[in-house]
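Shown next, in structure tokens, is the structure this report addresses.
The values are calculated or read from the model by the stated rules, or taken from the named source; none is laboratory data. All figures in this text were calculated on a predicted structure; none of them were measured in a lab. Don't worry about glycine lacking a Cβ; one is built from the backbone with ideal geometry, like all the others, and counts go over all protein chains shown.
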Amino acid sequence: MLIRRLHSSIQSFGKIVPSNLKGKKKSSQEWLTRQLNDPYVERAKIMNYRCRSAFKLLEIDQKYSLIKPGFTVVDCGAAPGSWSQVAVKHSNADGSKQGMPKGMVIGIDLLQIYPIEHATLFGNMDFTKPENQDKIRAQLGERRIDCILSDMAPNATGVRYLDQENIITLCYSVLRFAILMSSPNASLLMKVWDNAEVSVLEKNIQKYYTHVKRIKPSASRSDSAENFLLARGFVGIER
Ligand SMILES: C[S@@+](CC[C@H](N)C(=O)[O-])C[C@H]1O[C@@H](n2cnc3c(N)ncnc32)[C@H](O)[C@@H]1O
């Protein structure tokens, strides 16, 4: 609170405007203002989540019960780690729900990921590379995945069609891995950016799962093209 007072002034209509913006780019100024006025950012700090994204997964999980005790979860694009934090709790990978089966959480990201207790994290690794997927497989051992998450987003190039092509490539990479490694009835949750290719992707996912739907959780900013595809009821390839 004190820090906020030091760095911000509150305008009469209640919006927090950061001070010391001199010399900062307009986009940075907008980002800072948005962060300071975002209730999820504040809640994430209070609840010890590494970022506000946690609330997207929490909301989806609350509605669809994606992650249950004993589940094996793979989190693609895990950094900084809030989805893995949620997955550890909900899968009971930390053993905190006594008498319930213990799950397993594996996270992977291009970036470094600071350790999260009871999760196995592969930082500085590209999920799309076969050798890195082999590392996940080795970690899984005999286990199959019950829930695969992908919040992966490529670095925006600023060229719209290229950015969209890049995220769709990531989505297909996750789908292929999910098809090979999922347990019967497993779920898949992946981030997409709205574009024509998403409908094609959705149709392809429907070949392997009984229920597929597009979701925009309330923690997902309304001005962003971000959406999630949620697929449930993995039926495998013989359908
Ligand atoms: C929105 S962030 C994920 C936030 C995360 N769900 C959380 O709650 O902390 C997207 C992440 O996807 C990662 N990413 C993008 N492409 C990737 C790839 N090919 N392999 C692994 N991670 C990737 C980025 O490095 C970035 O950290």
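Summary of values
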quantity	calculated
Test for I167: is it within 13 Å of the ligand (Cβ to nearest atom), of a type in the set (A, V, I, L, M, F, W, C) and either part of a helix (DSSP H, G or I) or under 26 Å from I215 (Cβ atoms) (or both)	yes
Residue selected from the range 130-164 under the condition in a loop (DSSP other than H, G, I, E, B) and near the ligand (Cβ under 8 Å from one of its atoms), by the criterion surrounded by the fewest Cβ atoms within 10 Å (Cβ to Cβ)	N155
Odd one out for I60, checked against (1) within 23 Å of Y172 (Cα to Cα); (2) in contact (Cβ under 8 Å) with a residue 12 or more places away in the chain; (3) more than 16 Å from the ligand (Cβ to nearest atom)	(3)
Number of the exception - K102 against (1) at pLDDT 95 or above; (2) under 14 Å from A219 (Cβ atoms)	(2)
Residue within the range 35-48 that is away from the ligand (no atom under 11 Å from the Cβ), farther than 27 Å from N155 by Cα and without any contact (Cβ under 8 Å) to a residue 40 or more places away in the chain present	yes
Complete set of residues in the range 169-194 that are closer than 17 Å to N227 by Cα and surrounded by 18 or more Cβ atoms within 10 Å (Cβ to Cβ)	L170, C171, V174, L175, S187, L188, L189, M190, K191, V192, W193
Test: D163 is touching a residue at least 60 places away in the same chain (Cβ under 8 Å) and either under 23 Å from P80 (Cα atoms) or touching a Gly at 6+ places or on another chain (Cβ under 7 Å) (or both)	no
Scan of the range 206-216 for residues that are surrounded by fewer than 20 Cβ atoms within 10 Å (Cβ to Cβ) and touching a strand residue (DSSP E or B) at 6+ places or on another chain (Cβ under 7 Å), ordered by number	Q206, T210, H211, V212, K213, R214, I215, K216
Pairs, first outside the structural domain of N166 (by TED's automatic domain parsing) in the range 184-209, second crowded, with 17+ Cβ neighbours inside 10 Å and at pLDDT below 95, C-beta under 6 Å, six or more apart	none
Top-ranked residue of the range 217-229 - restricted to ones that are in contact with an Asp or Glu (Cβ under 7 Å, 6 or more places away or on another chain) and assigned to a strand (DSSP E or B), ranked as surrounded by the fewest Cβ atoms within 10 Å (Cβ to Cβ)	N227
Residues of the range 119-129 satisfying the condition of being more than 10 Å from the ligand (Cβ to nearest atom) and surrounded by fewer than 16 Cβ atoms within 10 Å (Cβ to Cβ)	none
Unique match (being under 27 Å from V198 (Cα atoms), within 16 Å of the ligand (Cβ to nearest atom) and surrounded by 15 or more Cβ atoms within 10 Å (Cβ to Cβ)) among I116, I106	I106
Residues that are modelled with pLDDT of 95 or more and out of contact with any strand residue (DSSP E or B) (no Cβ under 9 Å at 6 or more places or on another chain), drawn from the range 142-165	E142
S53 vs. criteria among the polar types (S, T, N, Q), closer than 26 Å to R214 by Cβ and away from the ligand (no atom under 12 Å from the Cβ)	no
Selected residue (criterion: nearest to V192 (Cα to Cα)) from residues of the range 63-95 that are among the β-branched types (V, I, T) and within 14 Å of the ligand (Cβ to nearest atom)	V74
